[in-house]
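Comments concern the structure below.
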Amino acid sequence: MSGTEEARMPVHHVLDRYRDWFARSLDVSPERKEEIYIELCRSASLEDVSYWLQILFSSGIATLGLVLNSPAVIIGAMLISPLMGPILAAGLSLAAGDIILGLRSVVKLAVSCLVALTFALLLVGLLPFKEMTGEIAARTQPNTLDLFVALFSGAIGSIAICREVKGVVTSIPGVAIAVALMPPLCVVGYGLGIAFSVGMAEGMRAASGGGLLFLTNLVAITFTSMVVFLALHIDTEKVKASVREWNKKDRECILCENILKRFHISHRIWNIGSLRSRFLLIAIPIMIILIPLSQSFIQLKREIEKKREENRIERTAKELWQQGFEKLPGGAPRSYIDLFSVSQQAEKLMLYMRVFTSKPYEPAEKDEFARMVAVRLNRPMESVGLQLVEIPTASSELAARAGEETRVEAPPTVAELQMKFFEGVASALGDLQLPPPARLLDYDVTTSAADPLRLTVSYLSEREIEADAQTLIASSIRIRLRHPNAKVVLRRVPSLPGRLIFRRNESTLTPANTDLLDRAGEALQQRPKLRIEVIIADGKGERMGIAGERARSIAEYLASKWQVSYDRLRVSESSELQRAAILKVEMAGS
């Protein structure tokens, strides 16, 4: 056909010609289009028992893989990928304007999500440990990049479905792993389980993050599959005629059609509106989802820029140190850097360095180094500070001069070295985070011949940190300390000592009550960061003022025996208790 004849044709005829050419280029024949349409219609059926088994099993595998922090197990759940069928069917319904297929695919997706969420929720409720693992946390902060991954994956997934079997075998597994529909859905179930059993705020954060990632994947795949099916011209008149004949024999299609007729759906919208309205129907959710995704992406970008700046500062500082401070005037080695870190304190950049040295550095040398770093970084001189921890080596020049009559600068005392050592530990563990609900209280460092370094970390929690999580925390601490042989012990401080029971209309403490108060008072005396919350019965059904008397009895006992000041005691009343008080140890300021 000539260019003139093509110009005279209606626009939609010209587009159909290019769509048919694109389909032929991908070896998608008219017969294959009919097969694809009917296969996706079948995938929207609610009667497929094997599909529901796949939903249950993939949900269970994904949930356990997330809780166990096992990428291999999670990938197994990804490969099952049962949700791809109804999602692609939804994309085809938008491309073809098929309201019956659209209704069936939406219903199946909704029921599928409900089944997967319920099963994940039950599993989380039955598990004895509910720690936030790295695999779960990784799916609670999606950003714009996740949207583009889902868009690309949805496009290639649609193409793989449309092509003959020769391409599907290699493409579909990769698409399933890239999109990962089931794991974020199970993160929602995990979050809901945590919200109901541990803490509402923590659980809802995880559930909302996982839900946003799942919606991102769902909407993006639907959109790109719609575009691909439009480009391949799946909805030819011949294909639509075959599908209508197939619908007349399918019970679910007949049921949907009867429901639509019962609600007097106009025949004008049997095809889902115009193509423009269908694009808007899927494009608007993408625009809405982009708002929180963009915010997460901006935050990720800031973190990357911060890390990049810290790396630049570290390279600059180490280069200056090696050029002017690493060697003695004669060229002999003087020191080498063992540990380097950067922190921003208000408007001041603090450089923390730990060096092994044969000759201590003078204050003037330290000031000069900080000045040189500030100049190289184009910062004001007073905006850069240096904290230098020096560890003398066995060949220290100070040791050689120890017997000289001429007094030189004294070597660091044991107390000074000890103080610098503890400062180094404090800097290394300054941002240590424990898995919720555990909260770091303090740590104790000891050294001995048997244990060169023993670190006992005390944390406040309602339950013990799971064993696998303790192993990961201990490994992280050893890496931070750069001491692979350090012995790390995690010790839990219970946050719920128990319940105090009072006799009716009495405020006298029983021996059982004083035993619980002694345990709480001892914990507060040893750890200044703790305080006690007392939730006490409001005294309904008893004499007036009994609740206040019980609160005073508790406060006076703790103050007299354990010197617990009143500002470390928080009292509240509850109508759900009767002649009782719940004693809870918590972090001050929480």
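The values are calculated or read from the model by the stated rules, or taken from the named source; none is laboratory data. Predicted model only: the values in this text are computed from it and were never measured. Here the Cβ positions follow ideal geometry from the backbone for every residue, glycine too, while neighbour counts run over all protein chains shown. Quick note on the areas: whole protein, heavy atoms, side chains included, nothing else; ligands and nucleic acids left out. Shrake-Rupley method; radii C 1.70, N 1.55, O 1.52, S 1.80 Å.
Below is a table of values for the structure above.
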| read-out | value |
| --- | --- |
| Test: residue in the stretch 565-573 that is surrounded by 15 or more Cβ atoms within 10 Å (Cβ to Cβ), in contact with a helix residue (DSSP H, G or I) (Cβ under 7 Å, 6 or more places away or on another chain), of a type in the set (Phe, Trp, Tyr) and part of a helix (DSSP H, G or I) | no |
| Residue in the stretch 114-132 that is modelled with the lowest pLDDT, counting only those that are within 13 Å of ILE194 (Cα to Cα) and open to solvent by less than 20 Å² (accessible area, probe 1.4 Å) | GLU131 |
| Count of the stretch 311-335 residues which are of a type in the set (Phe, Trp, Tyr) and either in contact (Cβ under 8 Å) with a residue 60 or more places away in the chain or in a helix (DSSP H, G or I) (or both) | 1 |
| Some residue of the stretch 430-448 being outside any strand (DSSP E or B), open to solvent by 30 Å² or more (accessible area, probe 1.4 Å), within 23 Å of TYR352 (Cα to Cα) and in contact with a helix residue (DSSP H, G or I) (Cβ under 6 Å, 6 or more places away or on another chain) | no |
| Tabulated pairs, the stretch 501-522, first under 14 Å from ARG543 (Cα atoms) and among the polar types (S, T, N, Q), second open to solvent by 20 Å² or more (accessible area, probe 1.4 Å) and outside any helix (DSSP H, G or I), C-beta under 6 angstrom, 6+ apart or interchain | ASN505/GLU542; ASN505/ARG543 |
| Residue in the stretch 67-80 that is open to solvent by 20 Å² or more (accessible area, probe 1.4 Å) and within 30 Å of ALA241 (Cα to Cα) present | no |
| Counted residues, the stretch 81-94 - those being in a loop (DSSP other than H, G, I, E, B) and open to solvent by less than 20 Å² (accessible area, probe 1.4 Å) | 2 |
| Filter result (of a type in the set (D, E, K, R), loosely packed, with under 15 Cβ neighbours inside 10 Å and either farther than 24 Å from ALA438 by Cα or within 31 Å of the chain's Cα centre (by Cα) (or both)) within the stretch 473-528 | ARG482, ARG491, ARG503, ARG504, ASP515 |
| Options ARG308, ARG278, ARG302, ARG315: the member that is among the basic types (Lys, Arg), out of contact with any helix residue (DSSP H, G or I) (no Cβ under 9 Å at 6 or more places or on another chain) and modelled with pLDDT under 85 | ARG302 |
| Unique match (being of a type in the set (Ser, Thr, Tyr) and in contact with a Leu (Cβ under 8 Å, 6 or more places away or on another chain)) among THR236, THR216 | THR216 |
| Unique residue being in a helix (DSSP H, G or I), open to solvent by 40 Å² or more (accessible area, probe 1.4 Å) and either at pLDDT below 90 or hydroxyl-bearing (Ser, Thr, Tyr) (or both) when the list is ILE221, ILE254 | ILE254 |
| So GLY273, is it modelled with pLDDT under 85, exposed (fewer than 12 other Cβ atoms within 10 Å of the Cβ) and either out of contact with any Asp or Glu (no Cβ under 9 Å at 6 or more places or on another chain) or in a helix (DSSP H, G or I) (or both) | no |
| Subset of the stretch 346-365 (residues that are among the hydrophobic types (A, V, I, L, M, F, W, C), modelled with pLDDT of 85 or more and surrounded by fewer than 14 Cβ atoms within 10 Å (Cβ to Cβ)) | ALA364 |
| Hey, SER43 modelled with pLDDT under 90 and among the small types (Gly, Ala, Ser) or not | yes |
| Those residues of the stretch 366-386 which are in a loop (DSSP other than H, G, I, E, B) and open to solvent by 40 Å² or more (accessible area, probe 1.4 Å), in sequence order | ASN378, ARG379, PRO380 |
| Search result, residues across the stretch 288-315 that are open to solvent by 70 Å² or more (accessible area, probe 1.4 Å) and either among the β-branched types (Val, Ile, Thr) or closer than 23 Å to LEU103 by Cα (or both) | ILE288, ILE291, ILE298, ILE304 |
| Filter result (surrounded by fewer than 19 Cβ atoms within 10 Å (Cβ to Cβ) and in a helix (DSSP H, G or I)) within the stretch 529-552 | GLY548, GLU549, ALA551, ARG552 |
| Candidate set: the stretch 463-472, residues that are open to solvent by 40 Å² or more (accessible area, probe 1.4 Å) and out of contact with any Asp or Glu (no Cβ under 6 Å at 6 or more places or on another chain); chosen: the one nearest to ILE554 (Cα to Cα) | ARG463 |
| Residues (touching a residue at least 60 places away in the same chain (Cβ under 8 Å) and over 26 Å from GLY154 (Cβ atoms)) located in the stretch 204-249 | ARG205, LYS238 |
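Residues are listed down the side, and each one gets a yes or a no for (1) modelled with pLDDT under 80; (2) on the phi > 0 side of the Ramachandran plot; (3) of a type in the set (A, V, I, L, M):
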site: GLU368; (1), (2), (3): no, no, no
site: ALA374; (1), (2), (3): no, no, yes
site: GLU382; (1), (2), (3): no, no, no
site: GLN387; (1), (2), (3): no, no, no
site: GLU390; (1), (2), (3): no, no, no
site: GLU404; (1), (2), (3): yes, no, no
site: GLU409; (1), (2), (3): yes, no, no
site: VAL425; (1), (2), (3): yes, no, yes
site: GLY430; (1), (2), (3): yes, no, no
